[in-house]
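In what follows, a single structure is set out as structure tokens and then discussed.
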Amino acid sequence: MQKTSFEQNGGTYRTVEDYRIPNITLPAEAKKAIGVWGLKRKDHLMKHKRVQFNIMLMNGTLWTHLAEVDDQASDMFSRLVEQMKVNESITEHLKTENQMEWVARMNNIEARAREIVNHELIFTA
């Protein structure tokens, strides 16, 4: 019996009833904990970059990529919020004096920072 190209390249089969099924396994990849930013990136890849998602999954680099993006996005978000607070003079004094004003301005800053992180890191190629 002639070997298939799969067998010629080192592949093996297992027999289940009348069928020969190739023994294929994905490379082991450490599943790192990912947060909200990593989950958003995963969702974006699954919906809009399906080929890239599948390649990364098969290569065993998907979870590492998601964890890296999550770390970068978290750092960027924190840095942006702090910079905007300084630029717009939002202090603890304002927080004690006028809490509603402070909450409104902080919500605005966080929304803008989220948009920047999404545009720069999450929804990019």
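The table below lists the values:
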item	result
Kirkwood-type radius of the range 13-76, with distances r between different C-alpha atoms, in Å	13.4
Amide proton proximity set for Y13, modelled H, under 5 Å, gap of 5+	N23
Principal-axis tilt of helix 62-87 within the chain, Cα atoms, nearest 10 degrees	10
J(HN,Hα) series, the range 41-47, from Karplus relation 6.51 cos²θ - 1.76 cosθ + 1.60, nearest Hz, glycine and proline x	5, 4, 4, 4, 4, 5, 8
Three principal axis lengths of the chain [C-alpha, angstrom, descending]	85, 22, 20
FRET efficiency, 1/(1 + (r/R0)^6) with R0 41 Å, evaluated for A111 and T4 via beta carbons	0.15
Part-to-part distance (alpha-carbon centres) for the range 64-125 and the range 2-44, which is given in Å	39
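Bear in mind that the values in this text are calculations on the coordinates, not laboratory data. All of these numbers come straight from a predicted model, not from anything done at the bench. In this analysis, Cβ positions are derived from the backbone assuming ideal geometry, glycine residues included, and neighbour counts consider all displayed protein chains.
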